[in-house]
């Protein structure tokens, strides 16, 4: 029985060891996926220890990786419902399509001159590395404790979750072109694009709708719904690929359709999806690490470093700035979005494809891509937190969202159980009156639990559980149980608080500033909302010798504005370049 027990012992030990390293990687701000990749590299057939054999076969690695990536992409769509697309749909779509294309376009000349590839292979190499990795980006943001402003987070999330299909399409398009010895016309190339994207989009919508109908139609044991969904996901992936569509794109779209509508067993499915996605990421990165060969990587380290520098500091920023040109992102926001372009599993997996086609130089391409992913995860991953603070996209502590759990019960689909950790700055700790509808259902104070209605005075450190019957009540609860002081990591939110109903002429009188006659009878809220769109908490505006900061919003309406009477000279000098969203009102 050793032929069963020994491999099982080894693989399970690797799995447990890989997960336990998350404790150390989070403290060092290094992506756990980077650690998985390195573990696979060291233990693989071409690594220093060589404990794992048999993975140095492109077909096996590509098969395992494709299935794992398909499950990851479905979950990316599932976790990104339609409502997340409202404010950042168009810029995110541009980044996920044209942004990927521009990145490949700008990187290809560097690959041509540094690696000596011909132009088709240079574009193939650039296409393989052109997409970002959602798992790496948001694992880092989550584990480092950095709360990034909502618009930036949504843009990065949607781009990272939806740009893999475009990179996959470009990769296989150039593979087909090279494999056909350049005999296929651009007409055939265009047909391939239309089939891949068109069938993928349509099939994804149909697949998502069909899966939702099936799950809601049949009454199974709750534990079976996640298993049923898994079977339908893999069935849909294989079917779309056989129809010459993009199975990866179809699963992402299907995930969006599934995540945007009520379904049975939603919480069981969410927990299962989260676990399955993490397991898929671990398997994917370990498998790709097993496949690589350390001796082949060392000779290509210098070209990989040069290409990584070109990608991180030139190709990616150029693509981002071009795509976001029509939209109201500040320069610092664009710089941060450019920097958060970590490469990951998709790039390494797509780098296996040229080997399946027996393309000349395929091993060199794979090794360079593997090294570039390692460099990206290590360098960008380590500096992502300081970069977020430097670019001023970190939310102050008091606007960071609490832990929110959706309630999956009949008639309560829009309800939430919200958990707050009270601090000394929380209004309820300072004596604020709690309305009857906001009474906590449970309070945990140390080792003692209390019914919410029995607690007469709240204390710092209390763990409070509050029921919100609708999502609209969440901001009101945040004001009661959240923190009112700004974090040292975040931005100062003003010396004083003013209410946006104040007339501009009154503001001018109180703070001795000159304003145009045409806005004197308008309220501050009117001036802000007429001059700027998509205002967020934390947005800042220079107005003569004062600075105005959006402090609170409720259902899209500004309810509280901070005012700083002495903006720092550094900020006045740098203006748009320095701050989160710095504008001068005219």
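Structural remarks
- Within the stretch 220-240, the set of residues being at pLDDT below 90 and surrounded by fewer than 18 Cβ atoms within 10 Å (Cβ to Cβ) comprises 220, 221, 222, 223, 224.
- Positions within the stretch 521-534 being in a loop (DSSP other than H, G, I, E, B) and at pLDDT 75 or above, in sequence order: 521, 522
- Summed over the stretch 429-453, residues that are in contact with a strand residue (DSSP E or B) (Cβ under 8 Å, 6 or more places away or on another chain) and over 16 Å from residue 467 (Cα atoms) total 2.
- Any chance residue 2 is crowded, with 21+ Cβ neighbours inside 10 Å and either at pLDDT below 80 or within 26 Å of residue 154 (Cβ to Cβ) (or both): no
- Filter result (under 30 Å from residue 14 (Cβ atoms) and buried (at least 23 other Cβ atoms within 10 Å of the Cβ)) within the stretch 241-268: 247, 248, 251, 252, 255
- Those residues of the stretch 309-325 which are within 17 Å of residue 89 (Cα to Cα) and without any contact (Cβ under 8 Å) to a residue 60 or more places away in the chain, in sequence order: 321, 325
- Among the residues examined, residue 387 qualifies as free of Cβ contacts under 8 Å to residues at least 60 places away in the same chain and in a helix (DSSP H, G or I).
- Check on residue 290, outside the structural domain of residue 224 (by TED's automatic domain parsing) and either at positive phi or surrounded by 23 or more Cβ atoms within 10 Å (Cβ to Cβ) (or both): yes
- Qualifying residue in the stretch 506-520 (condition: surrounded by fewer than 19 Cβ atoms within 10 Å (Cβ to Cβ) and either within 34 Å of the chain's Cα centre (by Cα) or modelled with pLDDT of 85 or more (or both)): no
- When 455, 464 are screened for being touching a helix residue (DSSP H, G or I) at 6+ places or on another chain (Cβ under 8 Å), crowded, with 17+ Cβ neighbours inside 10 Å and modelled with pLDDT of 80 or more, only 464 passes.
- Qualifying residue in the stretch 274-293 (condition: more than 15 Å from residue 71 (Cα to Cα), out of contact with any strand residue (DSSP E or B) (no Cβ under 9 Å at 6 or more places or on another chain) and part of a loop (DSSP other than H, G, I, E, B)): no
- Yes/no for residue 311 being within 24 Å of residue 249 (Cβ to Cβ) and touching a helix residue (DSSP H, G or I) at 6+ places or on another chain (Cβ under 6 Å): yes
- Matching residues, the stretch 105-136, being part of a helix (DSSP H, G or I) and over 17 Å from residue 305 (Cα atoms): 105, 119, 120, 121, 123, 124, 127, 134, 135, 136
- Of the criteria (1) more than 29 Å from the chain's Cα centre (by Cα); (2) at pLDDT 70 or above; (3) under 29 Å from residue 382 (Cα atoms), which one residue 37 fails: (1)
- The conditions of being over 30 Å from residue 334 (Cα atoms) and either assigned by TED's automatic domain parsing to the domain that holds residue 536 or modelled with pLDDT of 80 or more (or both) are not met by residue 434.
- Residue check, residue 12 modelled with pLDDT of 70 or more and in a helix (DSSP H, G or I): yes
The values are calculated or read from the model by the stated rules, or taken from the named source; none is laboratory data. Because the structure is a prediction, the values reported are computed rather than measured. A quick note on method: Cβ atoms are made from the backbone with ideal geometry, for glycine too, and the neighbour counts reach across all protein chains shown.
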